[in-house]
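FYI, it's all coordinate maths here, none of it is from the lab. What you see is a predicted model; the values in this text were computed from it and never measured. For neighbour counting, all protein chains shown are included, and Cβ atoms are generated from backbone atoms with ideal geometry for every residue, glycine included.
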Amino acid sequence: MKRGFVVLCLCIVAMAGYFTTDRWAISHTTLTFHDVLRDDRNVTVEVAVRRDRQMQAMAEMIELPVAILSHGNTVRNTEYSFLTNVFASRGYLVVSIQHDLDTDAPMVTKVGEEYVGRRMQYNRGVFNIMYAIDELKKLYPNANYRALTLIGHSNGGDISMFFAKQHPDLVKKVVTLDNLRVPFITDSKIKILSFRSRDPVFKADPGVVPDEETCARLGIKVVRTEFHHNDLSDRGPESAKSSIQAGVEQFLDEDAGDSTPTMPLLAASTPASAAATPEKK
């Protein structure tokens with residue numbers, strides 16, 4: 001009887017939360033963990049989640065789907081609010097991981113080597129994601145960490161695709177924004193959506209994006225945009241962000257499992273510190 005009353009109260013609060021369209025409807029929490037196995041390396045994440053869905057998960061009424069977002073090189077993990085808002089509004093637990101630290105050596109392109117010499121960064125990204133998941137399970141136990149949606153821009157898209165290759169049993173969907181190095185996974189049932197830029201400088205390596213016939217056969221959705229590579233974050237124009245949001249919404253609508261009512265999207269905000277620093281190829 002007592003449990004039923006608690007659940008009823010939570011449902012009432014959840015309904016009130018659902019109809020709240022201001023910034024309080026989605027909570028944003030920054031957490032920093034310390035990986036003792038990697039010399040206490042800081043792994044900082046921003047967690048975004050709809051408050052009503054979080055309360056329903058706490059009451060064991062639902063299990064939250066999980067989306068892991070990986071940023072591009074020289075872009076911060078918090079500079080993708082236009083994407084975190086889409087997934088959080090649909091009831092996802094969205095985890096944006098800061099992969100690069102100020103103490104890390106800069107990435108160097110080495111033509112002729114596998115992934116042009118960036119395998120070390122991809123391995124580090126995989127370690128960061130797995131470690132963050134292990135820590136988040138303690139704080140958000142009622143979430144589904146067995147069917148991840150991976151999202152990533154440029155280098156973060158390569159980390160996402162690389163993780164999917166290493167752990168296909170943990171991944172359900174991959175959404176990339178102009179990843180350039182790691183070829184798409186084509187030997188699993190993972191659903192893939194990729195937005196490609198039209199950029200005179202940033203070009204995908206040969207073999208990264210499958211040909212049209214392969215994409216059609218495997219159900220891989222490739223969206224060719226008119227935007228530059230560096231436009232695919234909060235730093236980009238509103239036209240780029242709204243176009244990507246619409247494409248992601250359509251992609252999620254195609255999955256019958258993503259039936260959570262969508263809350264009105266919050267306006268994407270660009271951090272004051274986000275200068276027009278271009279991402280390095």
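Got a sec? Which residues in the stretch 157-179 would a label at Ala216 touch, if it sits 7 Å along Cα→Cβ and we count backbone N under 20 Å? Of the residues in the stretch 157-179, none has backbone N under 20 Å from the label point off Ala216.
Ranking of Leu218, Leu139, Leu31 by neighbouring Cβ atoms within 10 Å, starting from the fewest: Leu139, Leu31, Leu218. Of His28, His71, the sequence from fewest to most neighbouring Cβ atoms within 10 angstrom is His28, His71. Between Ser188 and Glu114, the FRET efficiency from the beta-carbon distance, with R0 = 25 Å, is close to 0.75.
Qualifying GluC sites (Glu not before Pro) in the stretch 34-85, where qualification requires a DSSP coil assignment and no more than 14 other C-beta atoms within 10 Å, comprise Glu60.
What is the gain in length, in nm to one decimal, between Thr32 and Glu226 on full extension, counting 0.36 nm per residue of separation less the C-alpha to C-alpha distance?
Working: separation 194, 0.36 × 194 = 69.84 nm, distance 3.66 nm.
Between Thr32 and Glu226, full extension yields an extra 66.2 nm.
With a ≥ b ≥ c taken as the square roots of the eigenvalues of the C-alpha gyration tensor of the stretch 184-228, please select rounded if a/c is under 1.5 and otherwise prolate if a/b is larger than b/c or oblate if it is not? Verdict is prolate for the stretch 184-228. Residue-wise HN-Hα couplings along the stretch 122-136, as the Karplus relation 6.51 cos²θ - 1.76 cosθ + 1.60 with θ = phi - 60° gives them from phi, are 5, 4, 4, x, 4, 4, 4, 5, 5, 5, 4, 4, 4, 6, 5 Hz; Gly and Pro carry x. Counting Lys and Arg as +1 and Asp and Glu as -1 over every other residue whose Cβ lies under 14 Å from the Cβ of Leu31, the net charge comes to -2.
Taking every pair of Cα atoms in the stretch 2-253, average 1/r, invert it to obtain the Kirkwood radius, and report Rg/Rh to two decimals. All intermediate terms of the calculation are to be shown ahead of the outcome.
Details: Rg = 18.4 Å, Rh = 18.8 Å.
That ratio equals 0.98.
The distance linking the stretch 27-41 with the stretch 188-237 is 31 Å (Cα centroid to Cα centroid, whole angstrom). Only beta bridges with both residues in the stretch 2-253 are counted; by DSSP, about 35 percent of them are antiparallel.
Of the peptides 113-120, 92-99, 242-249, 225-232, the ranking by mean beta-carbon count within 10 Å, highest at the top, reads 92-99, 225-232, 242-249, 113-120. The largest-to-smallest principal axis extents of the Cα set in the stretch 102-216 are 44, 41, 22 Å.
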